[in-house]
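To start, the structure itself, in structure tokens.
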Amino acid sequence: SQQGEEDPQALSIQEGENATMNCSYKTSINNLQWYRQNSGRGLVHLILIRSNEREKHSGRLRVTLDTSKKSSSLLITASRAADTASYFCATGNRDDKIIFGKGTRLHILP
Amino acid sequence: DAGITQSPRHKVTETGTPVTLRCHQTENHRYMYWYRQDPGHGLRLIHYSYGVKDTDKGEVSDGYSVSRSKTEDFLLTLESATSSQTSVYFCAIRTGLDYNEQFFGPGTRLTVL
């Protein structure tokens, strides 16, 4: 069953603007991850945030986690054409699996 | 860097025929996963393996079987393909030690007519 649910399903912004997408989940987690998928390619791991962390940065990416609201956000600053992709959150617990959401399609307009 | 190859990359087959997809990794990662990706459903786990000859079911395992006879290869078999199994199939390996970060292969696009 789907654990994470991304919002919005699709997002179009102008190049240079910031893009924010959200992920909500239902049960307690050990960690939450974000992945990117370019059209026709496999997923690429972007960043992982542990359940005891509230914010994490990696280059132009900023991830927040609010375990009380069971939600996470991914912010991409100063967007570029190359950021056009689908973005997925995945929740993990202390077992062998992670569960993916359905993704947000991000389109960067020139 | 971890490397994964999937074969074939594209396949068209007919309903009722058996199909085997292969995932090959170049490093000795213990965990390997098979997912399917369909519009509106994101990625769903089919089966996974936690070692040679050790496998377990995922969310959508009906109609699929897997085998792992050596560390580097994880096979997904559709015993009798159906049109509902038309999908893009991704293999992944767990690269994280403390957490389950995954590295994905390029995918196999399967069409069942």
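Residue-level analysis places B:Pro106 among those that are surrounded by fewer than 17 Cβ atoms within 10 Å (Cβ to Cβ) and touching a Gly at 6+ places or on another chain (Cβ under 8 Å).
Got at least one residue in segment A:28-35 being closer than 25 Å to B:Gly105 by Cα, of a type in the set (Phe, Trp, Tyr) and more than 10 Å from chain B (Cβ to nearest Cβ)? Within segment A:28-35 (the criterion being closer than 25 Å to B:Gly105 by Cα, of a type in the set (Phe, Trp, Tyr) and more than 10 Å from chain B (Cβ to nearest Cβ)), the answer is yes, since at least one residue qualifies.
Mind listing whichever residues of segment B:14-43 are among the polar types (S, T, N, Q) and over 19 Å from B:Val66 (Cβ atoms)? Can you show your working first?
First, pick out the residues of segment B:14-43 that are among the polar types (S, T, N, Q): B:15, B:17, B:20, B:25-26, B:28, B:37.
Hits for segment B:14-43 are B:Thr15, B:Thr26.
If we scan segment A:72-93, do we find a residue that is within 14 Å of A:Gln3 (Cβ to Cβ), more than 9 Å from chain B (Cβ to nearest Cβ), of a type in the set (A, V, I, L, M, F, W, C) and touching a residue at least 60 places away in the same chain (Cβ under 8 Å)? Within segment A:72-93, one or more residues are within 14 Å of A:Gln3 (Cβ to Cβ), more than 9 Å from chain B (Cβ to nearest Cβ), of a type in the set (A, V, I, L, M, F, W, C) and touching a residue at least 60 places away in the same chain (Cβ under 8 Å). For beta carbons closer than 7 Å, sequence separation of 6+ or different chains, a first residue in segment A:16-39 that is touching a residue at least 40 places away in the same chain (Cβ under 8 Å) and part of a loop (DSSP other than H, G, I, E, B) and a second that is basic (Lys, Arg) and surrounded by 13 or more Cβ atoms within 10 Å (Cβ to Cβ), the qualifying pairs are A:Tyr25/A:Lys70; A:Lys26/A:Lys70.
Give segment B:98-113 a look and list any residue that's without any contact (Cβ under 8 Å) to a residue 12 or more places away in the chain and either more than 8 Å from every other protein chain (Cβ to nearest Cβ) or part of a strand (DSSP E or B) (or both), or say none. Spell out how you get there, then give the answer.
Residues of segment B:98-113 without any contact (Cβ under 8 Å) to a residue 12 or more places away in the chain: B:98-99, B:101.
Result: B:Asp98, single match.
Among the residues of this structure, B:Gly16 counts as one that is modelled with pLDDT of 95 or more and small (Gly, Ala, Ser).
The set of residues in segment B:95-113 being out of contact with any strand residue (DSSP E or B) (no Cβ under 6 Å at 6 or more places or on another chain) and at pLDDT below 95 consists of B:Gly96, B:Leu97, B:Asp98. Across segment B:1-13, the qualifying residues are those that are under 24 Å from B:Thr71 (Cα atoms) and charged (D, E, K, R), and the one among them that is modelled with the lowest pLDDT is B:Asp1. Entry remark, segment B:51-97: residues being in contact (Cβ under 8 Å) with a residue 60 or more places away in the chain, touching a Gly at 6+ places or on another chain (Cβ under 9 Å) and surrounded by fewer than 17 Cβ atoms within 10 Å (Cβ to Cβ) number 3 in total.
One residue alone among A:Ser71, A:Ser86, A:Ser79 is in contact with a strand residue (DSSP E or B) (Cβ under 7 Å, 6 or more places away or on another chain), of a type in the set (Gly, Ala, Ser), at pLDDT 95 or above and under 18 Å from A:Asn30 (Cα atoms), and that residue is A:Ser71.
The values are calculated or read from the model by the stated rules, or taken from the named source; none is laboratory data. Every value quoted in this text rests on a predicted model; they were computed, and no experiment measured them. Ideal geometry is used to build each Cβ from the backbone, glycine not excepted, and the neighbour counts take in all protein chains shown.
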